[in-house]
Amino acid sequence: MNRRLALIQALVSLIALAAVIWWATKQDAPELPSGGEALSWVALGLVLYVVATLIRGERWHWILSFAHVEAPRGDCYALTTVGYMGNNVLPARAGEVLRVVFLSNRTKASKRTVIGSIIAERLLDIVALGVIFVVTVYGVLGAKVLPTNRPVLAAGIGFLMLLAICAGLWVLRRHHVFERVREWLRPLADAPRAMLASEGVVLLAATFVLWAVEAGVYYSVARSVDLGISVTGAFYLVALTNFVAALPAAPGSIGTFDAAVAWGANRLGATGSAAVSYLLMLRFVLYVPITVVGFVFLVTRYGGWSRMRAALRVSSTSQSPAAPRSQGQAQPQAEATPTA
C-alpha cells in the first residue's frame, strides 16, 4: 500500500508539473521583483506569512489545551514549522508524523490525542476555506472563474463525481471499513469534540483570521510582480490552492500547487510573464523560508535527522485501523491517562 500510494503521488505530481511546464513555455520569460517598491511587497508577504504561522501555532496550542494536553507554547510554534518542513521535503505528509511523535514525547500525551488535535485543525481549515471558496466564487467573482460557457460539461463532471463517491461509499461499507475506522478513531475525539462547544466558535474565528492573513500574502506577492488581482481574487486563490494541495502528490505539493496557482491566476485574467513570475515568487515565499526555519528547529531543538528517522520508524510500526482487536486492547490505556 505504501509503494502504491507513493506511485500515485509521483504520477499526480508528474502530470501536474508537466502541464505547468508546458503552460509556462507558452508565456513570456518571468521577471522577478526588483526595485524598492516591489521588494517591499515581497517583504510584506514574508512578514504576513510569519504572522500566519504564529497564528497556526497558537491555534494548535488552544486545541491541545481544550483536549487537556499541557503543551508548551514554544513547542507548538516550533513544531508547526517542523511539520511544514517535513511536508515539504518528505513524502506522504510526514511532517504531521513528526509533530505527533515529538509533541507526544514532550508532553506524555498519547499519540492518538495529538493526532486528534491535528484532525481538529484540518476540520477548521476545511470549514473556513469552504466558506471562503463559496463566497468568492458564487458571491463575488461569479462568471469570472466559473465555466458558465459549458454548463452541460460541468453538470456531467459533477454527476460522474457523485457516482464515483457513491460507489466508493458502497465498497467501503461492504467491507466494514467504517466500523473499523470508528473504533480506531474513538480515542482521537477529544479535540474535535471541543469544536462543538463554545470554544469551537473562537477557534473558527481564529481560523478565518489565519486565512485572511494568508490571503494578504497572496495579494502582496501579486503586487510585487505587478499582477493586478483584487483582494477577493487573493482569497479565491488561497482556497483553491489549498484544496488542490490536499490531493496526493510529491513532497511540497510539487505540481499540484503550481497547477492550481497557474489555473486560478489565469481565471482571474493573469497571463504572460506576470503569471509565471507570480507562481515562482509565491512558491518561494510559502515554501522556502518555513522549510529552512523548520529544519533549524529540528536540528537545534528536536535532535536532528537521527531523531526524525526514529520518529518515522515509530510511526510506521504503530497501530492501524485495520486491526480492531489490537486497538481494542490499547484503548483502555489511552483512557486511563487524563492528559491523553
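The values are calculated or read from the model by the stated rules, or taken from the named source; none is laboratory data. This structure is a prediction, so every number in the text was calculated from the model and none was measured. Don't worry about glycine lacking a Cβ; one is built from the backbone with ideal geometry, like all the others, and counts go over all protein chains shown. Only protein heavy atoms, including side chains, enter the accessible area calculation; ligands, DNA and RNA are left aside. Shrake-Rupley method; radii C 1.70, N 1.55, O 1.52, S 1.80 Å.
Points to keep in mind about this one:
- Under-5 Å amide H pairs with Ala250, H placed in peptide plane, nonlocal only: Ser13
- Ranking Leu204, Leu124, Leu14 from most to least accessible surface, computed with a 1.4 Å probe over the protein chains only, gives Leu14, Leu204, Leu124.
- Accessible heavy-atom area order of Trp60, Trp305, highest first, probe of 1.4 Å: Trp305, Trp60
- Carbon + sulfur, % of accessible area of region 212-308 - ligands and nucleic acids excluded, 1.4 Å: 68
- Spacing of the two label points (7 Å from each Cα toward its C-beta) at Val202 and Ala19, in nm: 4.2
- Computed about the Cα centre, the dipole magnitude for region 218-319 is approximately 420 debye when only Lys and Arg (+1) and Asp and Glu (-1) carry charge, each at its Cβ.
- Exposure of Lys111 as accessible area (Å², to 10), given a probe of 1.4 Å and all protein chains: 80
- Hz values of 3J(HN,Hα) by residue in region 55-72 - Karplus curve (6.51, -1.76, 1.60), Gly and Pro given as x: 5, 4, x, 5, 4, 5, 4, 5, 4, 5, 5, 5, 8, 6, 10, 8, 8, x
- Computed with a 1.4 Å probe over protein heavy atoms only, the accessible area of Val47 comes to about 90 Å².
- Protein heavy-atom accessible surface, 1.4 Å probe, per residue over region 77-144: 38 Å².
- The accessible-area ordering, largest first, of the residues Ile254, Ile63 stands as Ile254, Ile63, per a 1.4 angstrom probe.
- Size of charge dipole - region 1-93 - debye, nearest 20, with Cβ of Lys, Arg +1 and Asp, Glu -1, no other charges: 480
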